[in-house]
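These notes are about the structure you will find just below.
The values are calculated or read from the model by the stated rules, or taken from the named source; none is laboratory data. Being a predicted model, the structure only gives us computed values, none of them experimental. When we count neighbours, we look across all protein chains shown, and the Cβ atoms used for this are built from the backbone with ideal geometry, even at glycine. Just so you know, the surface numbers come from the protein's heavy atoms only, side chains and all, with ligands and any DNA or RNA stripped out. Shrake-Rupley method; radii C 1.70, N 1.55, O 1.52, S 1.80 Å.
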There are 2 protein chains.
Amino acid sequence: MSTDTTTGLQLRSLIKKTGELELSLARVPTPDPGPDEVTVRVEASPINPSDLGLLFGAADMNTAKVSGAPANPQVTASVPEKLMRAMTGRVDDAMPVGNEGAGIVIKAGSSPAAQALLGKTVAMLGGAMYAQFRTLKAVQCLELPSGTKPSEGASCFVNPLTALSMVECMRREGHTALVHTAAASNLGQMLNRICIKDGVSLVNIVRKQEQEDLLRKLGAKYICNSSSPSFMDDLTKALIATGATIAFDAIGGGKLASQILACMEVAAVAAMKEYSRYGSTTFKQVYIYGGLDRSPTELARSYGMAWSVGGWLLTPFLQKIGMEATQKLRARVVAELKTTFASHYTKEISLAEMLQLDNIAVYSKFGTGAKYLINPSKG
Amino acid sequence: MSTDTTTGLQLRSLIKKTGELELSLARVPTPDPGPDEVTVRVEASPINPSDLGLLFGAADMNTAKVSGAPANPQVTASVPEKLMRAMTGRVDDAMPVGNEGAGIVIKAGSSPAAQALLGKTVAMLGGAMYAQFRTLKAVQCLELPSGTKPSEGASCFVNPLTALSMVECMRREGHTALVHTAAASNLGQMLNRICIKDGVSLVNIVRKQEQEDLLRKLGAKYICNSSSPSFMDDLTKALIATGATIAFDAIGGGKLASQILACMEVAAVAAMKEYSRYGSTTFKQVYIYGGLDRSPTELARSYGMAWSVGGWLLTPFLQKIGMEATQKLRARVVAELKTTFASHYTKEISLAEMLQLDNIAVYSKFGTGAKYLINPSKG
């Protein structure tokens, strides 16, 4: 571990006007903390699906090449021309990456809040975590209980708060059970644990037998496999049994959101006494929070008029529920960090190893069950 | 005009288990009004797009045949087999049709509210209006100012309240301007008059030059033609000029809803200072209130995460805003019935004429500019 803290490596993602993505490690000066700030030596930062959009942009990673010395590699890949328009806002701007992480506070500003964190292990949210050092406001840090390793606190925010917020959103919008797609993901497993603990019915949608088996082993009660010929019937039965009228969908593209609404409607109509050509009055909501399938969402609209499909993001949701409610969610994450909110990683890599093609090939793919943790202190 | 009021003709729409639609005129006894009820001789009832779903169900009206005596015709047509499942709730149930209408109160129950309406011209909402007599609660009637003809009050509810509710919904959900599709419709013209009167910016989307010309003549400021090669640019400019972030879409199918969201996002991003890979935080809403295009809605999701597409219906909206707010809207309709909310009809037909194929060919098509009024007192 380097003892020089005045500069450190930082991963940069650059999309050039010429249509080329360039990933590199820059050596950048570590900013001194202001009065309300601390400097953290980052020792753990997960690669979440939500990081990959900024990391790779619209580049086709099948075209990726690596060059440079092993300790200072550079990855280049091409961005398809028709996707460059969507990149306009970030062209020629080398961007730091990494939504969340954890590490040790090595410097602190003069304020009591900052001083109180000196030497502590903290979890952080705020971007630019794929770096050896990160100077940020003390309030952006969550102090972890002593005895917590940075690797245990690396994923304190994105997945735990997202999973908790889904249940919170369900309750606030008047639903009593929920549906989740890509449900065997790290996030999905967390949501499954929350729902079991809180006694909330969860309908898990997966697309592979092994994902079904995994969730079954983790105690999930309702699991529907979208690859099965009986999927629509299975889902309808699960919706009748649970009364779920809200879904959180990580897939986005294709017909899945529409199928969920259609099955919710069949479940709702089954409980109706009178025919209405407008369908049921039961309000059905699908929130799309990911885009594992980038193709268009196709809505058949065969489910009456009481439905909505919309984008859903953690940060605006937390802003909507306010500081106090958010604090409650954060406190629960810390209290259950090693149980409900434990994350499991298949591999720990350095920043330089993050730029190796064989690693990229694994962590750039979704749904493989692999989850990588970066340890920038390894270089 | 028949002087026998004990029975009257009523239009019935029946979908048989065998996959056949049958439209006929039944002679039904006129129910005597209860204490809180009145019996109305229906003299005017419009054919709204929202009536056609119940009238024709999923039948293919290209297969329509007529039989029976001219005074008592029967229309039959086939329902495509794959659409029969959606008809399950109404199979073998002969349903009366007609959402709204107006007429003269010929009998009244004993309550003061009912008695007060005797002999008055009233507008009604409540279904089964394609009939010579309609017995209903006095509270379902809206007394029209003396000197108002039934034909002038026939369309008091569906289009006027829908147009007013769109503006009301826009305000309540925090938007300041709106977009409307199929904007040259009777409803669209009404919305245009409301917006001009209230000083609300309205972006009208049409698909034909003559619709553009019509709205221009009616004082519309922002008109975008979706058939024009410059449509996306024109729409974006209109959205930047108006700041509209909510749209009411009568089309439903295809890419239009998605195009509106995409242009709203370009308008929102144009006002942003910093790049965000999640797009703008400006919340963009499209409400689908009709289905002129029955094909699936295709959402490209190229507009960040702050968006929603959902079904929208008048009745649930009015329930949501409550009785008092609804009363205000109704009062405005009556006050401006001959100006803002005037409807224009291309033809007045009897119930029997409604079952003639040449008339069906006209009123079953949308967007032709033709609007028919039924006068059941003509037989």
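For the reader, a short list of remarks on this structure follows.
- Hits in the range A:92-111 (condition: within 14 Å of another protein chain (Cβ to nearest Cβ) and not polar (S, T, N, Q)): A:ASP92, A:ASP93, A:ALA94, A:MET95, A:PRO96, A:VAL97, A:GLY98
- Here is the figure for the range B:184-233: residues that are assigned to a helix (DSSP H, G or I) and of a type in the set (S, T, N, Q) total 5.
- Test: residue in the range A:331-343 that is more than 10 Å from chain B (Cβ to nearest Cβ), modelled with pLDDT of 90 or more, in a loop (DSSP other than H, G, I, E, B) and open to solvent by 40 Å² or more (accessible area, probe 1.4 Å): yes
- Residue in the range B:83-92 that is part of a loop (DSSP other than H, G, I, E, B) and modelled with pLDDT under 95 present: yes
- From the options A:GLY119, A:GLY153, residue that is touching a Ser or Thr at 6+ places or on another chain (Cβ under 9 Å), at pLDDT 95 or above and of a type in the set (Gly, Ala, Ser): A:GLY153
- Residue in the range A:234-258 that is nearest to A:GLU212 (Cα to Cα), counting only those that are more than 9 Å from every other protein chain (Cβ to nearest Cβ) and surrounded by fewer than 18 Cβ atoms within 10 Å (Cβ to Cβ): A:LYS237
- Taken as a whole, the structure leaves A:SER280 outside the set of residues that are among the hydroxyl-bearing types (Ser, Thr, Tyr), buried (at least 18 other Cβ atoms within 10 Å of the Cβ) and within 14 Å of A:SER258 (Cα to Cα).
- B:ARG301 fulfils the conditions (1) at the interface with chain A (Cβ under 9 Å from one of its Cβ atoms); (2) closer than 20 Å to B:GLY188 by Cα; (3) among the basic types (Lys, Arg) except for a single criterion, (2).
- Check on A:ASN192, in contact (Cβ under 8 Å) with a residue 40 or more places away in the chain and not charged (D, E, K, R): no
- Residues of the range B:270-298 satisfying the condition of being of a type in the set (A, V, I, L, M), within 11 Å of chain A (Cβ to nearest Cβ) and without any contact (Cβ under 8 Å) to a residue 24 or more places away in the chain: B:MET272
- For A:ASN62, the test of being closer than 18 Å to A:SER364 by Cα and either assigned to a loop (DSSP other than H, G, I, E, B) or open to solvent by 70 Å² or more (accessible area, probe 1.4 Å) (or both) is passed.
For every residue, the table says whether it meets (1) hydroxyl-bearing (Ser, Thr, Tyr); (2) modelled with pLDDT of 95 or more; (3) open to solvent by 10 Å² or more (accessible area, probe 1.4 Å); (4) out of contact with any strand residue (DSSP E or B) (no Cβ under 6 Å at 6 or more places or on another chain).
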| residue | (1), (2), (3), (4) |
| --- | --- |
| A:ARG27 | no, yes, yes, no |
| A:THR30 | yes, yes, yes, no |
| A:VAL38 | no, yes, no, no |
| A:PRO46 | no, yes, no, no |
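So that you can scan it fast, the table gives a plain yes or no per residue for (1) assigned to a helix (DSSP H, G or I); (2) open to solvent by 40 Å² or more (accessible area, probe 1.4 Å); (3) at pLDDT 95 or above; (4) of a type in the set (A, V, I, L, M):
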site	(1), (2), (3), (4)
A:LYS107	no, yes, yes, no
A:GLY127	no, no, no, no
A:LEU136	no, no, yes, yes
A:PRO160	yes, no, yes, no
A:CYS169	yes, no, yes, no
A:HIS175	no, no, yes, no
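- Failed item in (1) surrounded by 16 or more Cβ atoms within 10 Å (Cβ to Cβ); (2) more than 31 Å from the chain's Cα centre (by Cα), with B:MET264 passing the rest: (2)
- Within the range B:334-350, restricting attention to residues that are polar (S, T, N, Q) and more than 14 Å from B:LEU191 (Cα to Cα), the residue that is nearest to the chain's Cα centre (by Cα) is B:THR346.
- Within the span defined as the range B:283-292, one or more residues are open to solvent by 20 Å² or more (accessible area, probe 1.4 Å) and more than 25 Å from the chain's Cα centre (by Cα).
- For B:ALA300, the test of being open to solvent by 40 Å² or more (accessible area, probe 1.4 Å), of a type in the set (A, V, I, L, M, F, W, C) and touching a helix residue (DSSP H, G or I) at 6+ places or on another chain (Cβ under 8 Å) is passed.
- B:LYS320 being open to solvent by 30 Å² or more (accessible area, probe 1.4 Å) and more than 8 Å from chain A (Cβ to nearest Cβ): yes
- Residues that are open to solvent by 20 Å² or more (accessible area, probe 1.4 Å) and more than 7 Å from chain A (Cβ to nearest Cβ), drawn from the range B:305-317: B:LEU314, B:THR315
- Applying the condition of being of a type outside the set (Phe, Trp, Tyr) and open to solvent by less than 30 Å² (accessible area, probe 1.4 Å) to the range A:213-233 and asking which residue is farthest from A:VAL269 (Cα to Cα) yields A:LEU215.
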